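J.: Take a look at this one; I'll ask things after.
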Amino acid sequence: MGAGIAECLAISGYEVVVRSRSPQTAEALLAGLEKSIDKQIAKGSLESSRKEEILSRCSATCDLAELSEVDIVIESVIEELETKRHLFNELDRVCGDQTILATNTSTLPVVEIAMATGRPERVCGMHFFNPAVRMPLVEIVRPITASDAIIEEVKNFAESCGKTPVVVPDRAGFIVNALLFPYLNNAVRLLEQGVATRDDIDLAMKGGCGFPMGPFALLDLIGLDTSLAILDTLYNEYKDPNYSPAPLLRRMVAAEMLGRKTHKGFYDYHDSHARS
Ligand SMILES: NC(=O)c1ccc[n+]([C@@H]2O[C@H](COP(=O)([O-])OP(=O)(O)OC[C@H]3O[C@@H](n4cnc5c(N)ncnc54)[C@H](O)[C@@H]3O)[C@@H](O)[C@H]2O)c1
């Protein structure tokens, strides 16, 4: 998600610093960004003449201190509350008072991330969708600690990136994942119960509901580890059985079958057979 968000902002004309924990992964993020721009050019959705100009606005670092002067940080690390709280605490120390700190969390309580900083009024969620370059929605998550002015500023910023912002309350799942994940979870249960095959379920939901991809292709795209973390948070908050993760999902994560990112999930991506 980090590389996709960076690409989206750079295409919109913003200077972007991509920060990762090692120089190698920071450079790999930039390489991924360039590959994605090449793909867009090949598909005709981006002018080839724009490539150099877009890339010239992007730089990579492994040093958090290089973010000290930025207007906004959009954090997109692993979906773990303690990891995000630790990072926001560090960001609060290195970033100037003017910096807005936003998280791309899918479900975690943004207020708890905000309270790890000394500037909770300048912290909110900016929930992009996958792939960030193509999906128009950004959920602007408003914790009870955020100021009206910051929410307005972040909403305007999302619009300036060509996105459709929707301000949502800070409750697990916000709007989209609160509705999407019972559907994805129940698709795994249908498969577990032997009601239908993976291919028939994906085919049925594409053909019957007009969805661009079926639930298993979507779970592989999101990542099964991220999906499990989302369901665990939703279940902990609401205790609704629809959010209780299907056992197969947990077993697949234990087996490191995480979807596209490990080349194996509900589908196998070792060959070039892309699912959509
Ligand atoms: N996958 C999606 O479809 C999607 C959509 C919207 C939002 N999100 C959210 O975006 C965030 C990232 O998800 P992703 O799908 O890109 O996951 P990912 O597994 O692809 O990437 C996670 C990144 O976090 C880094 N990381 C892991 N542990 C870390 C640590 N202790 N400290 C710092 N960095 C660490 C990893 O190196 C990796 O670069 C999550 O909060 C997720 O909920 C994901």
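J.: In terms of the ratio Rg/(2.2 N^0.38 Å) built on C-alpha atoms, what value belongs to region 1-62?
T.: 1.05
J.: Of all the stretches in the chain, which is the longest one without any exposed loop site, taking trypsin sites (Lys or Arg not before Pro) in a DSSP loop (any state but H, G, I, E, B) with at most 10 other Cβ atoms within 10 Å?
T.: So the longest stretch without any such site is 22-238.
J.: Quick one: which residues, 5 or more positions from Met126 or on another chain, have an amide H under 5 Å from its amide H? H modelled 1.01 Å from N in the peptide plane, none for Pro or chain starts.
T.: Those qualifying (amide H under 5 Å, at least 5 residues apart or on another chain) are Thr103, Asn104, Thr105, Val141.
J.: Which percent of the Cα-Cα distances in region 114-264 go past 29 Å?
T.: That tail contains 25 percent of the Cα-Cα pairs.
J.: I want to make sure I understand the PRE zone here: with the label point 7 angstrom from the Cα of Met115 toward its beta carbon, which residues in region 127-156 have backbone N atoms less than 18 Å away?
T.: Counting only backbone N, you get 142-147.
J.: To continue, here is another question. For region 176-262, how big is the tail of P(r) above 14 Å, as a whole percent of Cα pairs?
T.: The calculated P(r) of region 176-262 puts 63 percent of pairs beyond 14 Å.
J.: Going by amide H atoms built from the backbone, whose H comes under 5 Å of the H on Ile72, apart from near neighbours?
T.: Ile100
J.: On to the next question. Can you list residues from other chains, or at least 5 along the same chain, whose modelled amide H is less than 5 Å from the amide H of Val138?
T.: Amide H neighbours of Val138: Thr164, Val166.
J.: Per residue of region 187-197, in order, report the coupling 6.51 cos²θ - 1.76 cosθ + 1.60 (Karplus, θ = phi - 60°) as ³J(HN,Hα) in whole Hz, putting x for Gly and Pro.
T.: Coupling constants for region 187-197: 5, 5, 5, 4, 5, 4, 7, x, 5, 7, 7 Hz.
J.: Just Ala116, Ala255, Ala229 to compare: in a GNM of the chain, with alpha carbon springs under 10 Å, which one fluctuates most?
T.: Ala255
J.: Percent of Cα-Cα pairs per 10 Å bin, from 0 to the last occupied bin, for the chain, please list those.
T.: All Cα pairs considered, the percentages come to 7, 27, 35, 24, 7, 0.
J.: How many lysine pairs in the chain, separated by 8 or more positions in sequence or lying on different chains, have Cα atoms less than 14 Å apart?
T.: Counting lysine pairs in the chain gives 5.
J.: Kindly provide the helix-only [θ] at 222 nm of the chain, computed as the sum of -39,500 (n - 2.57) over DSSP H runs of four or more divided by all residues, to the nearest 500 deg cm²/dmol?
T.: Calculated mean residue ellipticity at 222 nm is -14500 deg cm²/dmol.
J.: Continuing with this model, one more query. Taking the radius of gyration and the Kirkwood hydrodynamic radius from Cα positions alone, what is the Rg/Rh ratio for region 161-207, to two decimal places?
T.: Using Cα coordinates only, the ratio equals 1.16.
J.: Once phi is turned into θ = phi - 60°, what whole-Hz ³J(HN,Hα) does the Karplus curve with 6.51, -1.76 and 1.60 give for every residue of region 255-266, x standing for Gly and Pro?
T.: 7, 6, 8, 9, x, 4, 5, 10, 6, 8, x, 5
J.: Still on this model: Please give the FRET efficiency for Arg93 paired with Arg171, using the beta carbon to beta carbon distance and R0 = 25 Å, rounded to the nearest 0.05.
T.: The calculated FRET efficiency here is 0.30.
J.: With r as the distance between the Cβ atoms of Asn130 and Lys43 and R0 = 25 Å, compute the FRET efficiency 1/(1 + (r/R0)^6) and round to 0.05.
T.: After rounding, the FRET efficiency stands at 0.90.
J.: Follow-up. Taking Cα centroids, how far is region 1-62 from region 125-202 in Å?
T.: Result: 23 Å between the Cα centres.
J.: Round to the nearest 10 and give me the degree value, 0 to 90, for the angle of helix 198-209's Cα axis relative to the longest principal axis of the chain.
T.: Between helix and principal axis, roughly 70 degrees.
J.: Another question, then. Could you state, as a whole-number percent, how many of the C-alpha pairs of region 75-172 are farther apart than 22 Å?
T.: For region 75-172, the share of Cα pairs beyond 22 Å comes to 22 percent.
Read-outs throughout are calculated quantities, based only on the coordinates presented, and are distinct from any laboratory measurement. As the structure is a computational prediction, the values presented were derived from the model and not from experiment. Cβ atoms come from the backbone with ideal geometry, glycine included; neighbour counts cover every protein chain shown.
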